[in-house]
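This report concerns only the one structure given below.
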Amino acid sequence: MGAPEGLGIEARGVTRRFGTVQALRGLDLTVPYGQVTALVGPNGAGKTTLLLILATLLGADEGLVRIAGHDVRTRPGEARDALGWMPDTFGVYDQLTVDEYLAFFADAYGLPKDERSRRLRALLTLVHLEDHLGQPVHALSRGQKQRLGVARALVHRPRVLLLDEPASGLDPRSRIELRDLLRSLAADGVAVLVSSHILSELEEIADRVVLVDHGRTVGEHSMADLADASAARVRWRLRSLDPGLLAEALATELSGRSGLDPVRDLPGGAEAGPLTETEAAGLLAALVTRGVPVTGLAPAGSALETAYLAMTENRR
Ligand SMILES: Nc1ncnc2c1ncn2[C@@H]1O[C@H](COP(=O)(O)OP(=O)(O)O)[C@@H](O)[C@H]1O
Ligand SMILES: [Mg+2]
(Lines give C-alpha, C1' and ligand atoms only; values in the text may rest on other atoms or scores of the structure.)
(Ligands and ions follow the chains in the order given, each with its own letter.)
Protein backbone atom coordinates (compact mmCIF):
# COMPACT_ATOMS: atom_id res chain seq x y z
CA MET A 1 0.00 0.00 0.00
CA GLY A 2 1.48 3.38 -0.96
CA ALA A 3 0.65 6.71 0.61
CA PRO A 4 -2.73 8.02 -0.63
CA GLU A 5 -3.18 11.55 -2.00
CA GLY A 6 -3.99 14.46 0.27
CA LEU A 7 -3.67 14.74 4.01
CA GLY A 8 -4.54 12.15 6.63
CA ILE A 9 -5.59 14.83 9.08
CA GLU A 10 -6.32 18.49 8.54
CA ALA A 11 -7.39 20.69 11.47
CA ARG A 12 -7.77 24.46 11.15
CA GLY A 13 -8.64 26.96 13.86
CA VAL A 14 -10.10 24.37 16.22
CA THR A 15 -11.52 25.74 19.47
CA ARG A 16 -13.19 23.97 22.38
CA ARG A 17 -14.29 25.27 25.76
CA PHE A 18 -15.23 23.29 28.87
CA GLY A 19 -17.19 25.70 31.08
CA THR A 20 -14.71 28.45 31.87
CA VAL A 21 -11.69 26.48 30.59
CA GLN A 22 -10.67 27.29 27.01
CA ALA A 23 -8.96 23.96 26.20
CA LEU A 24 -8.29 24.72 22.50
CA ARG A 25 -7.78 28.23 21.14
CA GLY A 26 -7.54 27.96 17.38
CA LEU A 27 -5.30 24.95 16.95
CA ASP A 28 -3.91 24.07 13.49
CA LEU A 29 -2.50 20.68 12.56
CA THR A 30 -1.79 18.70 9.41
CA VAL A 31 -0.74 15.06 9.38
CA PRO A 32 0.53 13.59 6.10
CA TYR A 33 0.20 9.95 5.10
CA GLY A 34 3.27 7.79 5.40
CA GLN A 35 4.72 9.59 8.42
CA VAL A 36 4.59 9.52 12.19
CA THR A 37 3.69 12.97 13.51
CA ALA A 38 4.12 13.68 17.21
CA LEU A 39 1.86 16.05 19.11
CA VAL A 40 3.95 17.30 22.00
CA GLY A 41 3.01 19.62 24.84
CA PRO A 42 2.85 19.86 28.61
CA ASN A 43 -0.02 18.42 30.65
CA GLY A 44 -3.17 20.44 30.05
CA ALA A 45 -1.99 21.71 26.64
CA GLY A 46 -5.11 20.29 24.96
CA LYS A 47 -3.71 17.13 23.33
CA THR A 48 -6.42 14.72 24.52
CA THR A 49 -9.16 17.24 23.73
CA LEU A 50 -7.85 17.57 20.17
CA LEU A 51 -7.50 13.80 19.71
CA LEU A 52 -11.08 13.24 20.94
CA ILE A 53 -12.28 15.80 18.39
CA LEU A 54 -10.26 14.13 15.61
CA ALA A 55 -11.69 10.75 16.67
CA THR A 56 -15.24 12.25 16.34
CA LEU A 57 -15.89 11.52 20.03
CA LEU A 58 -16.15 15.19 20.97
CA GLY A 59 -17.41 18.19 19.01
CA ALA A 60 -15.33 21.30 18.33
CA ASP A 61 -16.89 24.71 19.05
CA GLU A 62 -15.30 26.22 15.94
CA GLY A 63 -12.88 25.25 13.21
CA LEU A 64 -12.53 22.69 10.48
CA VAL A 65 -11.50 19.05 10.90
CA ARG A 66 -11.02 16.60 8.03
CA ILE A 67 -10.02 12.96 8.46
CA ALA A 68 -8.86 11.35 5.21
CA GLY A 69 -10.63 14.24 3.47
CA HIS A 70 -13.95 13.76 5.30
CA ASP A 71 -15.32 16.67 7.31
CA VAL A 72 -16.07 15.23 10.78
CA ARG A 73 -19.13 17.49 11.09
CA THR A 74 -20.83 16.56 7.85
CA ARG A 75 -19.38 13.07 7.26
CA PRO A 76 -18.66 11.58 10.69
CA GLY A 77 -19.36 8.02 9.49
CA GLU A 78 -16.77 8.14 6.70
CA ALA A 79 -14.28 9.83 9.04
CA ARG A 80 -14.80 7.09 11.64
CA ASP A 81 -14.31 4.34 9.04
CA ALA A 82 -11.00 5.92 8.05
CA LEU A 83 -9.55 6.27 11.55
CA GLY A 84 -8.23 4.04 14.28
CA TRP A 85 -8.18 5.33 17.82
CA MET A 86 -6.17 4.31 20.85
CA PRO A 87 -7.20 6.20 24.00
CA ASP A 88 -4.81 7.00 26.86
CA THR A 89 -6.66 4.73 29.27
CA PHE A 90 -7.24 1.12 28.31
CA GLY A 91 -10.84 -0.16 28.16
CA VAL A 92 -12.65 -2.17 30.82
CA TYR A 93 -12.95 -5.48 29.02
CA ASP A 94 -10.67 -7.25 31.49
CA GLN A 95 -12.74 -10.44 31.65
CA LEU A 96 -12.22 -11.15 27.94
CA THR A 97 -9.36 -13.12 26.47
CA VAL A 98 -7.10 -11.53 23.88
CA ASP A 99 -8.89 -13.13 20.90
CA GLU A 100 -12.37 -12.43 22.34
CA TYR A 101 -11.36 -8.83 22.84
CA LEU A 102 -10.28 -8.36 19.21
CA ALA A 103 -13.27 -10.35 17.90
CA PHE A 104 -15.57 -7.96 19.77
CA PHE A 105 -14.10 -4.98 17.92
CA ALA A 106 -14.02 -6.85 14.61
CA ASP A 107 -17.80 -7.38 15.03
CA ALA A 108 -18.31 -3.77 16.03
CA TYR A 109 -16.62 -2.70 12.77
CA GLY A 110 -18.71 -5.18 10.79
CA LEU A 111 -15.80 -7.30 9.57
CA PRO A 112 -17.22 -10.25 7.59
CA LYS A 113 -17.07 -13.56 9.53
CA ASP A 114 -14.95 -15.37 6.91
CA GLU A 115 -12.35 -12.64 6.89
CA ARG A 116 -12.38 -12.21 10.62
CA SER A 117 -10.15 -15.01 11.90
CA ARG A 118 -7.52 -14.35 9.21
CA ARG A 119 -7.51 -10.64 10.01
CA LEU A 120 -7.24 -11.24 13.77
CA ARG A 121 -4.36 -13.66 13.32
CA ALA A 122 -2.51 -11.18 11.11
CA LEU A 123 -3.06 -8.41 13.68
CA LEU A 124 -1.84 -10.53 16.58
CA THR A 125 1.28 -11.40 14.60
CA LEU A 126 1.82 -7.74 13.75
CA VAL A 127 1.81 -6.76 17.45
CA HIS A 128 3.68 -9.92 18.57
CA LEU A 129 0.82 -11.30 20.67
CA GLU A 130 0.26 -14.50 18.69
CA ASP A 131 1.31 -16.60 21.70
CA HIS A 132 -1.25 -14.94 23.99
CA LEU A 133 -4.51 -15.83 22.19
CA GLY A 134 -6.46 -17.43 25.06
CA GLN A 135 -4.94 -15.31 27.79
CA PRO A 136 -7.21 -12.93 29.75
CA VAL A 137 -6.56 -9.29 28.88
CA HIS A 138 -5.97 -8.44 32.56
CA ALA A 139 -3.03 -10.89 32.69
CA LEU A 140 -1.10 -8.97 30.01
CA SER A 141 1.77 -6.67 30.90
CA ARG A 142 1.37 -2.96 30.32
CA GLY A 143 3.38 -3.13 27.12
CA GLN A 144 1.33 -6.08 25.84
CA LYS A 145 -1.93 -4.27 26.65
CA GLN A 146 -0.63 -1.27 24.78
CA ARG A 147 0.11 -3.41 21.72
CA LEU A 148 -3.31 -5.06 21.97
CA GLY A 149 -4.75 -1.54 21.97
CA VAL A 150 -2.90 -0.82 18.72
CA ALA A 151 -4.21 -4.08 17.21
CA ARG A 152 -7.75 -3.11 18.21
CA ALA A 153 -7.33 0.32 16.60
CA LEU A 154 -6.18 -1.37 13.36
CA VAL A 155 -8.98 -3.96 13.06
CA HIS A 156 -10.68 -2.16 10.13
CA ARG A 157 -7.44 -1.14 8.33
CA PRO A 158 -7.67 2.60 9.01
CA ARG A 159 -5.59 5.01 6.93
CA VAL A 160 -5.32 7.36 9.90
CA LEU A 161 -4.15 6.19 13.33
CA LEU A 162 -4.53 8.31 16.49
CA LEU A 163 -2.75 7.32 19.70
CA ASP A 164 -2.97 9.26 22.96
CA GLU A 165 0.20 8.94 25.09
CA PRO A 166 0.90 5.37 23.87
CA ALA A 167 4.43 5.22 25.27
CA SER A 168 3.71 6.48 28.76
CA GLY A 169 4.83 4.00 31.39
CA LEU A 170 6.35 1.56 28.90
CA ASP A 171 9.66 -0.11 29.65
CA PRO A 172 12.46 0.54 27.11
CA ARG A 173 11.94 -2.75 25.28
CA SER A 174 8.17 -2.20 24.85
CA ARG A 175 8.88 1.33 23.70
CA ILE A 176 11.23 0.07 21.00
CA GLU A 177 8.61 -2.47 19.87
CA LEU A 178 5.97 0.26 19.74
CA ARG A 179 8.36 2.44 17.74
CA ASP A 180 9.01 -0.34 15.21
CA LEU A 181 5.28 -1.02 14.90
CA LEU A 182 4.36 2.63 14.27
CA ARG A 183 7.25 3.03 11.83
CA SER A 184 6.14 0.01 9.81
CA LEU A 185 2.54 1.30 9.69
CA ALA A 186 3.81 4.66 8.43
CA ALA A 187 5.92 2.85 5.85
CA ASP A 188 2.67 1.23 4.67
CA GLY A 189 1.20 4.70 4.07
CA VAL A 190 -0.78 5.21 7.30
CA ALA A 191 -0.97 8.74 8.74
CA VAL A 192 0.07 8.24 12.37
CA LEU A 193 -0.50 10.89 15.04
CA VAL A 194 0.86 10.18 18.50
CA SER A 195 0.69 12.48 21.52
CA SER A 196 3.07 12.71 24.43
CA HIS A 197 4.31 15.07 27.12
CA ILE A 198 7.63 13.20 27.29
CA LEU A 199 10.05 14.23 24.58
CA SER A 200 12.52 11.37 24.84
CA GLU A 201 9.72 8.92 23.97
CA LEU A 202 9.23 10.52 20.59
CA GLU A 203 12.65 11.37 19.29
CA GLU A 204 13.10 7.97 17.67
CA ILE A 205 9.44 7.39 16.77
CA ALA A 206 8.44 10.55 14.95
CA ASP A 207 9.27 12.07 11.56
CA ARG A 208 7.76 15.38 12.55
CA VAL A 209 6.85 17.06 15.80
CA VAL A 210 4.12 19.62 16.35
CA LEU A 211 4.46 21.54 19.62
CA VAL A 212 1.26 22.63 21.37
CA ASP A 213 0.76 24.75 24.45
CA HIS A 214 -2.33 26.39 25.95
CA GLY A 215 -4.53 25.04 23.17
CA ARG A 216 -2.47 26.42 20.30
CA THR A 217 0.15 25.18 17.86
CA VAL A 218 3.38 26.93 18.84
CA GLY A 219 5.93 25.22 16.63
CA GLU A 220 6.59 22.53 14.07
CA HIS A 221 9.86 20.77 13.27
CA SER A 222 10.98 17.87 11.13
CA MET A 223 13.15 15.43 13.03
CA ALA A 224 15.63 15.47 10.16
CA ASP A 225 16.16 19.22 10.64
CA LEU A 226 16.48 18.83 14.39
CA ALA A 227 18.93 15.97 13.96
CA ASP A 228 21.18 18.09 11.74
CA ALA A 229 23.70 18.62 14.54
CA SER A 230 25.73 21.27 12.73
CA ALA A 231 22.75 23.62 12.48
CA ALA A 232 20.95 22.71 15.68
CA ARG A 233 21.40 24.60 18.92
CA VAL A 234 21.70 22.38 21.97
CA ARG A 235 23.02 22.75 25.51
CA TRP A 236 26.59 21.65 26.27
CA ARG A 237 28.08 20.12 29.38
CA LEU A 238 31.58 21.27 30.34
CA ARG A 239 33.97 19.82 32.89
CA SER A 240 37.01 21.56 34.32
CA LEU A 241 39.73 21.00 36.92
CA ASP A 242 38.78 24.47 38.19
CA PRO A 243 34.93 24.74 38.15
CA GLY A 244 35.02 28.18 39.76
CA LEU A 245 37.23 29.62 37.03
CA LEU A 246 35.11 27.84 34.40
CA ALA A 247 31.90 29.42 35.72
CA GLU A 248 33.51 32.86 35.78
CA ALA A 249 34.88 32.57 32.23
CA LEU A 250 31.56 31.20 30.91
CA ALA A 251 29.64 34.07 32.48
CA THR A 252 31.94 36.54 30.71
CA GLU A 253 31.95 34.74 27.36
CA LEU A 254 28.18 34.24 27.27
CA SER A 255 27.08 37.54 28.82
CA GLY A 256 24.46 39.23 26.73
CA ARG A 257 23.22 35.93 25.31
CA SER A 258 19.47 35.62 25.86
CA GLY A 259 17.23 32.72 26.78
CA LEU A 260 17.32 29.53 28.84
CA ASP A 261 19.90 30.17 31.62
CA PRO A 262 23.00 30.50 29.39
CA VAL A 263 25.13 29.08 32.20
CA ARG A 264 24.16 26.60 34.93
CA ASP A 265 26.65 25.32 37.51
CA LEU A 266 27.05 21.56 37.90
CA PRO A 267 29.28 19.58 40.26
CA GLY A 268 32.74 19.65 38.68
CA GLY A 269 31.64 21.80 35.77
CA ALA A 270 28.78 23.69 34.14
CA GLU A 271 26.12 23.50 31.45
CA ALA A 272 25.90 26.20 28.82
CA GLY A 273 23.84 26.99 25.77
CA PRO A 274 21.97 26.61 23.57
CA LEU A 275 24.84 26.76 21.07
CA THR A 276 25.57 25.27 17.65
CA GLU A 277 28.58 22.99 17.21
CA THR A 278 30.56 25.85 15.67
CA GLU A 279 29.68 28.15 18.56
CA ALA A 280 30.62 25.46 21.09
CA ALA A 281 34.00 24.98 19.41
CA GLY A 282 34.56 28.76 19.51
CA LEU A 283 33.59 28.84 23.18
CA LEU A 284 36.05 26.04 23.99
CA ALA A 285 38.88 27.92 22.27
CA ALA A 286 38.02 31.09 24.20
CA LEU A 287 37.95 29.23 27.52
CA VAL A 288 41.34 27.66 26.87
CA THR A 289 42.76 31.05 25.92
CA ARG A 290 41.54 32.35 29.29
CA GLY A 291 43.51 29.58 31.00
CA VAL A 292 40.52 27.48 32.05
CA PRO A 293 41.64 23.81 32.43
CA VAL A 294 38.76 22.22 30.43
CA THR A 295 38.62 18.42 30.59
CA GLY A 296 35.36 17.77 28.78
CA LEU A 297 32.81 19.24 26.37
CA ALA A 298 29.76 17.23 25.24
CA PRO A 299 26.21 17.94 24.07
CA ALA A 300 23.60 17.73 26.84
CA GLY A 301 20.06 17.09 25.67
CA SER A 302 18.69 17.22 22.15
CA ALA A 303 17.63 19.91 19.74
CA LEU A 304 13.98 18.91 20.25
CA GLU A 305 14.40 19.41 23.98
CA THR A 306 15.84 22.86 23.32
CA ALA A 307 12.91 23.78 21.06
CA TYR A 308 10.44 22.53 23.67
CA LEU A 309 12.11 24.39 26.53
CA ALA A 310 12.24 27.58 24.48
CA MET A 311 8.50 27.22 23.82
CA THR A 312 7.56 26.75 27.48
CA GLU A 313 10.02 29.49 28.53
CA ASN A 314 8.30 32.04 26.27
CA ARG A 315 4.93 31.18 27.72
CA ARG A 316 5.72 31.12 31.43
N1 LIG B 1 -14.25 17.17 30.20
C2 LIG B 1 -13.60 18.25 30.66
N3 LIG B 1 -14.19 19.11 31.49
C4 LIG B 1 -13.54 20.21 31.95
N5 LIG B 1 -12.28 20.54 31.61
C6 LIG B 1 -11.63 19.71 30.77
C7 LIG B 1 -12.24 18.52 30.25
N8 LIG B 1 -11.36 17.91 29.44
C9 LIG B 1 -10.24 18.67 29.46
N10 LIG B 1 -10.41 19.76 30.24
C11 LIG B 1 -9.41 20.84 30.47
O12 LIG B 1 -8.92 21.25 29.19
C13 LIG B 1 -7.52 21.49 29.23
C14 LIG B 1 -6.81 20.58 28.24
O15 LIG B 1 -6.88 19.23 28.72
P16 LIG B 1 -6.34 17.99 27.88
O17 LIG B 1 -6.87 18.07 26.50
O18 LIG B 1 -6.68 16.77 28.65
O19 LIG B 1 -4.78 18.26 27.89
P20 LIG B 1 -3.55 17.24 27.65
O21 LIG B 1 -4.09 15.98 27.08
O22 LIG B 1 -2.65 17.99 26.74
O23 LIG B 1 -2.92 17.04 29.00
C24 LIG B 1 -7.10 21.26 30.68
O25 LIG B 1 -7.11 22.51 31.33
C26 LIG B 1 -8.19 20.36 31.22
O27 LIG B 1 -8.32 20.51 32.60
MG1 LIG C 1 -3.91 13.98 27.68
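Under the condition of being of a type in the set (S, T, N, Q) and loosely packed, with under 14 Cβ neighbours inside 10 Å, which residue from region 122-142 is modelled with the highest pLDDT? Spell out the reasoning first.
Pass one, region 122-142, residues of a type in the set (S, T, N, Q): 125, 135, 141.
Pick out the ones that are also loosely packed, with under 14 Cβ neighbours inside 10 Å and you get 125, 141.
Values: T125: 91, S141: 86.
Residue satisfying both the conditions and the ranking: T125.
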Is region 281-295 home to any residue that is part of a strand (DSSP E or B) and either over 30 Å from T49 (Cα atoms) or open to solvent by less than 50 Å² (accessible area, probe 1.4 Å) (or both)? yes
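Somewhere in region 139-150, is a residue out of contact with any Lys or Arg (no Cβ under 8 Å at 6 or more places or on another chain) and over 21 Å from S196 (Cα atoms)?
Keep residues of region 139-150 that are out of contact with any Lys or Arg (no Cβ under 8 Å at 6 or more places or on another chain), which gives 139-142, 144-150.
Applying the additional criterion that residues be over 21 Å from S196 (Cα atoms) yields 139-140.
Yes: region 139-150 contains one or more residues that are out of contact with any Lys or Arg (no Cβ under 8 Å at 6 or more places or on another chain) and over 21 Å from S196 (Cα atoms).
So, in region 162-176, how many residues would count as being under 12 Å from S195 (Cβ atoms) and touching a Gly at 6+ places or on another chain (Cβ under 6 Å)?
0
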What's the number of the only condition in (1) of a type outside the set (K, R); (2) part of a loop (DSSP other than H, G, I, E, B); (3) surrounded by fewer than 16 Cβ atoms within 10 Å (Cβ to Cβ); (4) away from ligand 1 (no atom under 16 Å from the Cβ) that G34 fails to meet? (3)
Complete set of residues in region 215-245 that are open to solvent by less than 20 Å² (accessible area, probe 1.4 Å) and at pLDDT 95 or above: G215, L238, S240
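Within 16 Å of ligand 2 (Cβ to nearest atom) and open to solvent by less than 40 Å² (accessible area, probe 1.4 Å): which single residue out of A11, A103, A45 fits that description? Before you say what the answer is, go through the steps one by one.
On the way: A11 fails: within 16 Å of ligand 2 (Cβ to nearest atom); A103 fails: within 16 Å of ligand 2 (Cβ to nearest atom).
The match here is A45.
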Failed criterion for T30 (all others in (1) away from ligand 2 (no atom under 14 Å from the Cβ); (2) without any contact (Cβ under 8 Å) to a residue 12 or more places away in the chain; (3) not aliphatic (A, V, I, L, M) hold): (2)
Which residue, of R183, R179, R175, R157, is assigned to a loop (DSSP other than H, G, I, E, B) and either open to solvent by 10 Å² or more (accessible area, probe 1.4 Å) or out of contact with any strand residue (DSSP E or B) (no Cβ under 7 Å at 6 or more places or on another chain) (or both)? R157
Return the pair list, or none, for Cβ contacts closer than 6 Å from residues in region 42-59 that are of a type in the set (K, R) to residues that are more than 6 Å from ligand 1 (Cβ to nearest atom) and not in a helix (DSSP H, G or I), at least 6 apart or on different chains. K47/L39; K47/S195
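Could you grab me the full set of residues in region 6-26 that are in a loop (DSSP other than H, G, I, E, B) and either touching a residue at least 24 places away in the same chain (Cβ under 8 Å) or not assigned by TED's automatic domain parsing to the domain that holds W85 (or both)? Don't jump to the end; show me each part of the working.
To start, the set of residues in region 6-26 that are in a loop (DSSP other than H, G, I, E, B) comprises 6, 19-20.
Once the filter is applied, which keeps residues that are in a loop (DSSP other than H, G, I, E, B) and either touching a residue at least 24 places away in the same chain (Cβ under 8 Å) or not assigned by TED's automatic domain parsing to the domain that holds W85 (or both), region 6-26 yields only G6.
I'd like the full set of residues that are among the acidic types (D, E) and either within 16 Å of ligand 2 (Cβ to nearest atom) or outside any loop (DSSP other than H, G, I, E, B) (or both), limited to region 60-71. Walk me through how you get there before you give the answer.
Let us first name the residues in region 60-71 that are among the acidic types (D, E), namely 61-62, 71.
Hits for region 60-71 are E62, D71.
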Say we look at region 191-212 and pick out the residues that are of a type in the set (D, E) and open to solvent by 10 Å² or more (accessible area, probe 1.4 Å); which of these is nearest to I176 (Cα to Cα)? E204
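Could you tell me which of the residues L29, L57, L39 is farther than 29 Å from V137 by Cα, assigned by TED's automatic domain parsing to the domain that holds M223 and either part of a loop (DSSP other than H, G, I, E, B) or open to solvent by less than 50 Å² (accessible area, probe 1.4 Å) (or both)? Can you show your working first?
Details: L57 fails: farther than 29 Å from V137 by Cα; L39 fails: farther than 29 Å from V137 by Cα.
After applying the criteria, what remains is L29.
Within region 79-93, can one find any residue that is more than 16 Å from ligand 2 (Cβ to nearest atom), in the same structural domain as S195 (by TED's automatic domain parsing), of a type in the set (D, E) and touching a strand residue (DSSP E or B) at 6+ places or on another chain (Cβ under 8 Å)? Reasoning before the result, please.
We begin by selecting, within region 79-93, every residue more than 16 Å from ligand 2 (Cβ to nearest atom); these are 79-84, 91-93.
Next cut, in the same structural domain as S195 (by TED's automatic domain parsing) only: 79-84, 91-93.
From the residues that got through so far, the ones that are of a type in the set (D, E) too are 81.
Those left that are additionally touching a strand residue (DSSP E or B) at 6+ places or on another chain (Cβ under 8 Å): none.
No; the residues of region 79-93 include none that is more than 16 Å from ligand 2 (Cβ to nearest atom), in the same structural domain as S195 (by TED's automatic domain parsing), of a type in the set (D, E) and touching a strand residue (DSSP E or B) at 6+ places or on another chain (Cβ under 8 Å).
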Output the residues belonging to region 186-224 that are out of contact with any strand residue (DSSP E or B) (no Cβ under 7 Å at 6 or more places or on another chain) and in a helix (DSSP H, G or I). A187, S200, E201, A224
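The values are calculated or read from the model by the stated rules, or taken from the named source; none is laboratory data. It should be emphasised that the depicted structure is a prediction, and the values quoted were computed from it without experimental measurement. Using ideal geometry, Cβ is built from the backbone for each residue, glycine included, and neighbour counts are taken over all protein chains shown. Surface areas here come from the heavy atoms of the whole protein model, side chains and all, with no ligands, DNA or RNA. Shrake-Rupley method; radii C 1.70, N 1.55, O 1.52, S 1.80 Å.
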